[in-house]
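The values are calculated or read from the model by the stated rules, or taken from the named source; none is laboratory data. Computed from a predicted structure; not experimentally measured. Here Cβ is always computed from backbone atoms with ideal geometry, including for glycine, and neighbour counts include all displayed protein chains. Just the protein is used for accessible areas: all its heavy atoms, side chains included, with ligands, DNA and RNA removed. Shrake-Rupley method; radii C 1.70, N 1.55, O 1.52, S 1.80 Å.
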Amino acid sequence: MDRYRAWFAAQDNPNERYPLTEVVYYSQSGGLLEVSHDMAALRQRSAAEWRQLFESRWMRTSWPYGSGVWGKKEWVCPEIADENIVSMFEGGTNLFWAERFGREIGVEDLWIKLCGNSHTGSFKDLGMTVLVSVVKQMMSEGKPIRAVACASTGDTSAALAAYGAAAGIPTIVFLPKGKVSTAQLVQPIAHGATVISIDSDFDGCMRIVRDVTADPNSGIYLANSLNSLRIEGQKTVGIEIAQQFDWQVPDWIVIPGGNLGNTFALGKGLRLMHELGLIDRLPRIVCAQAEHANPLYRAFCNDWHYSPIAARPTLASAIQIGDPVSIKRAISTLQQFDGIVEQASEQELADAAARADRTGAYACPHTGVALAATIKLVNRGIIKRSDRVVVVSTAHGLKFSGFKVHYHENSLRDVVGTFANPPIELPADVDAVRRALAQRMDAPVAPSR
Ligand SMILES: *Cc1c(COP(=O)(O)O)cnc(C)c1O
């Protein structure tokens, strides 16, 4: 693997380079850094050889290559020593045919990539395994790092805390007070992270963690997605989707977006596969935003002219972000992929998640945003009924039980539980049960089909 190389490069100047193990977040001009790979070295293997290598490692236990991320190590972070890799076999998540839901919304070839079926319950594991592994490598080389920190809308902190704990590296997480789910809050607490609850929103937490980590003497390393190491792991999602379709490319990939690192990462993985000849075309990408946190959608409707907004509270709390860190690179990704941005109201995202659940899914609210966007684009004829569509589900529904409980209690503010299915409460009396069942069988809750 020695012949493969990767480094940080300035977005606006590819000759400004830094090793991946240097503590550096911005280029000299203040822009983001991106991970670049030695493409000439990667091209020395043919597309067929790469496919074969990736297939031979897929979902095996041979450490660390059974991880969906580290099975693609040469494309992700080739120079890290295997003994420094911190992995919980993230990736390799199921991609399943959502047959009944697809039929219901009028697009039969609909698939869901369940990235939330992962160690901490969200796709954030894909990036965090790379970042924490590089930190472990840096520490083994004697770099003065004492802790790793992030601001988070919930899932990033859960992933950082778990991977840090697995490696024995202290972690610090900044959370907007009252704006993450209970499950998300308890994860970093359980893993022993220092949890700081700030009376602000995500954007406010982000400003604080940037200031704290900007001091080079702090010994605190920044783990937010402006740190492009995470993108390298997250970019495997598009590669996995192609691999799971035997290297065929779907027509559309729909992904929810907040800070927009994942939209960029999806495109980056797809482009790398295309450049190395593993796939022969690119899909179109739809980024789906909550109407209450829609700066990218507004830019899309305004000839890609962007201005930050103050995001309003949304059930899709992990994407309640008004000034996304990766806005520029997400816009250029969408331009390269003939992309579209669609938005979903609170009612639309909650109903879309509930409808999907009624066909056996268990959608988190962010996945609800992506499903609602898909429904709208099918209804408008932009996604054709015969197209193959993959919806990226970003977190496990079980992390958002409160959202589902309140929907089915019909107690969400400003959202009607259209498909609410509350329990029938009865005394311990078999006749009462018989009567209730007879009533229910005669007039079942509107079946979805
Ligand atoms: C982080 C997150 C997102 C948004 O990803 P970005 O890279 O910030 O756009 C979407 N859904 C869930 C569940 C998340 O945790």
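Structural remarks
- Checked against the criterion of being without any contact (Cβ under 8 Å) to a residue 40 or more places away in the chain and surrounded by 19 or more Cβ atoms within 10 Å (Cβ to Cβ), the candidates Ala344, Ala354, Ala288, Ala293 yield just one match: Ala293.
- Of all residues making up segment 313-360, the number that are of a type in the set (Val, Ile, Thr), at pLDDT 95 or above and within 11 Å of the ligand (Cβ to nearest atom): 2
- One residue alone among Asp323, Asp338 is out of contact with any helix residue (DSSP H, G or I) (no Cβ under 8 Å at 6 or more places or on another chain) and open to solvent by 70 Å² or more (accessible area, probe 1.4 Å), and that residue is Asp338.
- Selection within segment 43-78 - β-branched (Val, Ile, Thr) and either buried (at least 19 other Cβ atoms within 10 Å of the Cβ) or within 17 Å of Ile279 (Cβ to Cβ) (or both): Val69, Val76
- Of all residues in segment 177-195, those satisfying the criterion of being surrounded by 18 or more Cβ atoms within 10 Å (Cβ to Cβ) and modelled with pLDDT of 90 or more are Gln187, Pro188, His191, Ala193, Val195.
- Of everything listed in (1) touching a Gly at 6+ places or on another chain (Cβ under 8 Å); (2) farther than 26 Å from Lys73 by Cβ, the single unmet condition for Val173 is (1).
- For first residues located in segment 164-186 and more than 17 Å from Pro365 (Cα to Cα), partners that are aromatic (Phe, Trp, Tyr) and lie 6+ apart or on another chain with Cβ distances below 8 Å form the pairs Pro176/Phe202.
- Every residue from segment 346-401 that is outside any helix (DSSP H, G or I), over 19 Å from the mean Cα position of the chain (by Cα) and not small (Gly, Ala, Ser): Arg358, Thr359, Arg380, Ile382, Ile383, Lys384, Arg385, Asp387, Arg388
- Residue count, segment 86-104 (criterion: more than 20 Å from the chain's Cα centre (by Cα) and surrounded by fewer than 23 Cβ atoms within 10 Å (Cβ to Cβ)): 5
- Residue count, segment 243-300 (criterion: within 16 Å of the ligand (Cβ to nearest atom) and not in a helix (DSSP H, G or I)): 15
- Positions within segment 113-146 being in a strand (DSSP E or B) and open to solvent by less than 10 Å² (accessible area, probe 1.4 Å), in sequence order: Lys113, Ser122
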